[in-house]
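A short write-up of the structure that comes next.
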Amino acid sequence: MISENILVLFDIDGTLLHPGSGARQSLSQAIHEEIGQQLKIEPGFCAGKTDLLIISSLLEKAGCLVQEIQPLMKSVIKRYLELLETNYNAKNDAYMYEGALELIEALNERPEVFLGLLTGNVEKGARIKLGPFGVNDLLPTGAFGEDGFDRTDLSRVAVNRAEAEYGVQFLPKNISVIGDTVADIKCGKVIDAKSIVVSQHLRNEEELIEANPDFLFTDLVNTENIVHAICDKKS
Ligand SMILES: [Mg+2]
């Protein structure tokens with residue numbers, strides 16, 4: 001029955017895991033190698049943005065011309081992914097947030113629940129980040145950074161891909177988008193899905209509340225409460 005299927009779309013950074021220093025360092029080095037400028041990427045700058053938006057904003061800030069940005073983006077992403085493969089978690093400083101794995105496993109045990117990703121990371125970057133924690137197989141589909149500049153463009157892509165991957169359909173009220181920024185809340189709202197946010201990383205409760213999510217949690221520790229938020233009917 002179509003209405004019984006539940007889709008959960010997870011953001012990665014700040015929601016499931018903290019990527020440690022390797023990710024930002026890889027991006028900053030890739031840009032440095034491509035344009036010869038050492039850019040400072042402020043903490044929080046990347047939150048809620050897609051990789052395409054992050055890189056184009058940084059290149060623009062560095063003074064690159066509009067016509068230079070498109071070809072440069074391709075080479076920056078290529079180099080970033082090469083560096084990420086080596087640097088990610090090299091210092092053992094990437095970690096999954098407490099409760100994240102338990103939540104994924106609890107949801108995976110429910111036959112009516114299907115899981116996917118809705119992340120600003122390009123897919124290869126997403127897979128590298130999740131790899132050490134063994135959850136790529138549990139999150140086999142999704143929308144990724146290469147699917148658009150604006151994060152909200154990714155929501156419909158994620159649902160369409162999940163429907164194709166799992167061979168089932170999802171009603172908007174049975175879809176949950178889980179993230180850590182206002183942009184994630186918007187991703188839920190544009191497809192009329194439930195928006196669930198967690199403030200463990202950015203401690204940004206105030207701005208999250210202002211964006212009116214369906215549920216706000218301070219962390220992912222209480223698996224049962226979050227599973228209820230996802231699986232109970234949207235009122
Ligand atoms: Mg995030």
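Quick notes on this one:
- Any chance N174 is of a type in the set (S, T, N, Q), at pLDDT 95 or above and either within 23 Å of E98 (Cα to Cα) or within 16 Å of the ligand (Cβ to nearest atom) (or both): no
- If you go through the range 213-230 and keep only what is closer than 14 Å to T181 by Cβ and touching a residue at least 24 places away in the same chain (Cβ under 8 Å), you end up with just P213.
- All of A23, A30, A62 fail the test of being farther than 18 Å from K124 by Cα and out of contact with any Cys (no Cβ under 6 Å at 6 or more places or on another chain), apart from A62.
- Cβ-Cβ distances below 6 Å connect the following pairs, each with a first residue in the range 166-177 that is farther than 7 Å from L7 by Cβ, a second residue that is among the aromatic types (F, W, Y), and a separation of six or more residues or different chains: Y166/F114.
- Hey, P213 more than 30 Å from I77 (Cα to Cα), outside the structural domain of I55 (by TED's automatic domain parsing) and surrounded by fewer than 16 Cβ atoms within 10 Å (Cβ to Cβ) or not: no
- Scanning the range 2-54 for residues that are more than 13 Å from the ligand (Cβ to nearest atom), surrounded by fewer than 18 Cβ atoms within 10 Å (Cβ to Cβ) and on the phi > 0 side of the Ramachandran plot turns up just one, G36.
- Selection of the range 82-97 for residues being within 14 Å of L27 (Cα to Cα) and surrounded by fewer than 18 Cβ atoms within 10 Å (Cβ to Cβ) yields E82, E85, T86.
- Verdict on E34 being in contact with a helix residue (DSSP H, G or I) (Cβ under 7 Å, 6 or more places away or on another chain), among the charged types (D, E, K, R) and not in a strand (DSSP E or B): yes
- Of all residues in the range 109-122, those satisfying the criterion of being more than 17 Å from V168 (Cα to Cα) and either within 16 Å of the ligand (Cβ to nearest atom) or of a type in the set (V, I, T) (or both) are L118, T119, G120, N121, V122.
- Taking every residue in the range 38-54 that is farther than 19 Å from T15 by Cβ and pairing it with any residue that is basic (K, R) and within 15 Å of the ligand (Cβ to nearest atom), at least 6 positions away or on another chain, the pairs with Cβ-Cβ distances below 9 Å are I41/R24.
- A183, sole failed condition from (1) within 15 Å of the ligand (Cβ to nearest atom); (2) without any contact (Cβ under 8 Å) to a residue 60 or more places away in the chain; (3) surrounded by fewer than 24 Cβ atoms within 10 Å (Cβ to Cβ): (2)
- Meets criteria (farther than 18 Å from K124 by Cα, among the basic types (K, R) and part of a loop (DSSP other than H, G, I, E, B)) for K49: no
- Qualifying residue in the range 67-86 (condition: part of a loop (DSSP other than H, G, I, E, B) and either away from the ligand (no atom under 16 Å from the Cβ) or not basic (K, R) (or both)): no
- Here S57 meets each of (1) within 13 Å of the ligand (Cβ to nearest atom); (2) among the polar types (S, T, N, Q); (3) free of Cβ contacts under 8 Å to residues at least 24 places away in the same chain with one exception, condition (1).
The values are calculated or read from the model by the stated rules, or taken from the named source; none is laboratory data. Keep in mind that what you see is a predicted model, and the values were worked out from it rather than measured. Neighbour counts are summed over all protein chains in view; Cβ atoms, including those assigned to glycine, are modelled from backbone coordinates with ideal geometry.
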